[in-house]
1. About the Cα centre, and with charges only on the beta carbon of Lys, Arg (+1) and Asp, Glu (-1), how big is the dipole of chain B? Nearest 20 debye, please.
2. Measuring from label point to label point, each 7 Å out along Cα→Cβ, what is the B:T267 to B:E59 span in nm?
3. Other chains near B:336-348: what is the mean number of their Cβ atoms within 10 Å of each residue's Cβ?
4. What list of ³J(HN,Hα) couplings, whole Hz, do you get for the stretch A:103-120 from phi and the Karplus terms 6.51, -1.76, 1.60, once you set θ to phi - 60° and write x for glycine and proline?
5. Taking the Cα of A:F97, stepping 7 Å toward and past its beta carbon, and measuring to each backbone N in the stretch B:616-640: which are under 12 Å?
6. Simple spin-label model, 7 Å along Cα-to-Cβ: A:K127 to B:R446 in nm?
7. Dipole magnitude of the stretch B:454-511 about its Cα centre, charges +1 at Lys/Arg Cβ and -1 at Asp/Glu Cβ only, in debye to the nearest 20?
8. For a protection proxy built on the mean count of beta-carbon atoms within 10 angstrom, sort B:587-600, B:401-414 highest first, please.
Amino acid sequence: MKMEEKFEPKIVAFLCKWCSSAGSDLAGVSRLKYPPNVVPITVMCSGSVSPNYIFSAFKKGADGVLVSGCHPGDCHYMKGNYYARRRITLVKELLDFIGIEPQRFHMSWVSAAEGAKFTEIISDFVKELEPLGPQNKLRSNL
Amino acid sequence: MKKRIGYFICHCGINIAGTVDVKRVSEDLASYPGIIHSEDYVYMCSDPGQSRMIEAIKEKKLDKVVIACCSPTLHETTFRNAARTAGINSFQCEIANVREQCSWVHKDKVKATEKAIKISKSVIERARFNESLEPISIPVTRRALVIGGGISGIQSALDLANSGYEVVLVERSPSIGGHMIQLSETFPTLDCSQCIMTPKMVEVSKHPKIKLLTYSEVQDISGYVGNFKVKILKKPTFVDPDKCTLCDECTTVCPVAVPNEFDLGLTRRRAIYIPFPQAIPATYTLDINHCPGLVPIACGKCADVCEPKAIDYDMKPEILEEEVGSIIVSTGFDLYGKDEMAEYGYGTYEDVLDGLQFERLCSASGPTMGKILRPSDHKEPKEVVFIQCVGSRDPEQHCAYCSKICCMYTAKHAMLYKHHVHDGQAYVFYIDIRSGGKGYEEFVQRAVEEDGVVYLRGKVSKIFEENGKIRVWGVDTLSGKDIEIKADMVVLAMAIRPSKGADELAKKLKIAMDKDGFLSEAHPKLRPVESVTSGMFLAGAAQAPKDIPEAVAQASGAAVKAVNILSQEKLYHAPTVAAVNSTLCTGCGMCVDVCPYEAVSLAEGKANVNEVLCEGCGTCMATCLRAAASVKNVTPQQVHNMIIASLEG
C-alpha cells in the first residue's frame, strides 16, 4: 500500500508591490531558500486586499493565507497598510468566529530590504500549518 | 471575442531552467484555456528572444502575452515595449516572476516546476481581463520650488536656474546659507567655509531665474506632479531691503539683547539685526518676538535713527501663491540639543560646547575673531577633550544611527585647535573612526601624526567641573586603563537630527519619513534622491546625515530629477488607476475618506476618480462595500481568478 503523502499546505500570499514583493525578490536574489508551498499574488498595496480575497482563497482551498505589506509608516501610498491592518484585525476575529484556526491567516510587514525576514515568515507559516492539516471549513469544491 | 494568449518561459541560462523544468511548464501551459502559443527560450530578454515574441504575436495574431521570467521590476518595460512594437497594447503584456519568487528560492525541481505553473496560470488569469490602456497625459508647470536655503537648496536652485528654469527658493530664516555658512573650515581641505559658500549665495541673489523668499515658510501644498500649488507665508521683516543702506545705526540704539542664533548663543544680538555680515538678502530683520512691541509702538528707536526710512512697523505677513511643476526638499539638520542630551554637562557648564559652537569659536567671523578662547573666562584652553558619538550609535538612550560627519569634523576641530594653540593638547574619545571618503583617512592620520592629537578608544563616563577645570573621566579600551583628563574645554560631537519642523513640512507635502524623522527616499539604492511622492525630490541632510560634497552631489542629482519633469511638454501617468462603476456606487463616500491622495470625490451622489491624482493603490477598492470601485487591470475579478488559478493549477 502506498504511504500516505505528507500534507503540503497550500498558501496564497498577497504581497504589496513596493515592499513585500520586493522583499521576496531580494530573498531570491540572495538565493535564500523557503518551502515552495506559497504562490505569491502581487497587489499594489496591502490596503487593496479586500477581506473578500482572503475568504475567496480559503473557499478555493487555501490552507493558509498571508497578507504582507510595508512596515507601518513606510507605506508607498502613505497609509494603505494602516487600513490593511485595521481590516485584517476584523478578518482575524471573523475567521475565529466561524471556526477557522487563527494560525491559518497571517499579516506581516516585510520591507524591500528584508529578504531574510520573508524567508523566515514563509518557513514558519508552513511549519505552523502542517499540524493543522487541510482546511476544509470554507472549502467549497470538496 | 476569444482571447488569444501567448506564453513564453525564459530559461535565463540555468537561473530558471536549473530548478524549473521549463519544457514541462511550456507544454503544460500549451493546453491551458486561451493559450494559442507556448514556448520556452534560453534568454527571452535577448534581442532574438524579444524577436520570437514579436513574431509570434504577429503570426498567430496574439492579443495578449505572458512572459515567465525574472521579476517585473527588471524586464517588464522591455517586454511591454516589445509588445507595442508587435502592434498590441503594452498593458496586454504581463510578467510572471518565476525566478526571484520561484527558481532561486527552491531546490526541489518537481515542486518548483509545479509552483512555476501555478504562478504562470495565475498571471495568465490576470492578463486575460487586462484592458488596453494608454498613459494619462498631464500638462507641466515649468518652474520649481526649493525648500531650504542651505548648501543643498542653493545648489539645487542654481542647477535648476542654470538649466533655464525658474526657481522659487524658500528659506525660513532671514538669510540663506544654512549651517555651512556657520562653519569655519571644511574637511579634508581646510577650505574656509564662508569663502566657498558666499559666492554661491551671491549667485543665488543675483540670478534672474531665482525668486528668493527668505523669512518665509511653506504653509500649504496641493496638486500633483507637474502641477503643484504652493502657499507660502512671508513673515514681515519690518525693514524694506531696497531702502536699507546697512548703516547699522538701528542696532546701536536697540535696547534688547538676546542670544544670537548664528553664533549658537555664544554672543548676543539685538531685536533688530542682520544675521551675519554676508547675509543674503543683505538687510536687517526686526525680530517681533523680542522687540518691546509694535502695537502700540513701545520703543520706536530704530525707526527714529533710520535715515533712509527703511523701517516700516506696519509691514504685514503676506501669503504668496506659487505654481510649480516639481519640488526639492532640502530642509537640512539640527544638532541634538541640551533638552535631549543632559549628560556631559552640556548646557550646564559654559566650557562644554557642541560642534557648531566650536566652529564659531574657530571662525574668523566668530565671537572671538578666530581665537579659541573659553566662553567662561576668555582664557586660551590648553587641554581640550573632544567626544564623538554623543547621542549617535546609542540605540538604548538616543539615536541608533551614525551621524556620519562627526569623525571627520572632530579630526578637523582637533587639528584647527592645534593650529590656533600650538602648545595645547587635543584628546579625542571615539568608538570607531569612520573616515570613508576621498582624502578622509589621510586627513585623520594627519591630525594624529602632524598635530599630535591623542585618540582614545572608549566612552566618557562622567564630566564635572572642579576648580575651574572640567574633569573628564573615561576609559581607554585599547590599553584597558581608566583615563582622567583635567580639561579646559570639552567639545561634544552631537548627533545630527532632522531640522525642527521638518516633520510638519513632510506631512504637508505628504512625503514619508523614516523612524528617525529623516525624509524617506523612494528606493535606498536606485532612487536615492526621489521621495515616494512623484515630483518631489530630496537633497542634503534632510534625507540622512551627510557631509558637504555628498549634499552637493545629491542636490545636483535632485535638480536633474526635477529637470526630468520640467523639461517635458507633457507628463504621463500610469493608467492603472481606480475607476468607479456608477451603477453600483451608492455614494456612501467611504472611498473618499480612505483615499490617501484625495483623488476621489463625490459628484451628484456618485464617487468620481481624478485619474491624474490617483496612484492606483486600490485602498478604495478594498473599502467599497458595493464592489463599485476597482483598479484597472487589478480588478477584484482578476484577483479572484488569480486566486483560483494559484490554488487549482
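1. Working: 73 positive and 81 negative charges, 435 e Å.
I would put it at about 2080 debye.
2. Going by the 7 Å Cα→Cβ label model, 8.2 nm.
3. Working: counts 0, 0, 0, 0, 0, 0, 0, 0, 0, 0, 0, 0, 0.
So the per-residue partner count for this stretch is 0.
4. Result, ordered by residue: 5, 6, 10, 10, 10, 9, 10, 10, 7, 5, 9, 10, x, 5, 5, 4, 4, 5 Hz.
5. The answer is none.
6. Going from the A:K127 label point to the B:R446 one covers 5.5 nm.
7. Numbers: 12 positive and 8 negative charges, 83 e Å.
With only Lys, Arg, Asp and Glu charged at Cβ, the dipole is about 400 debye.
8. B:401-414, B:587-600
Rule-based calculations on the coordinates, nothing more; no lab input. Just so it is clear, the structure is predicted and the values come from calculations on it, not from any experiment. Virtual Cβ from ideal backbone geometry, glycine too; neighbours counted across all protein chains shown.
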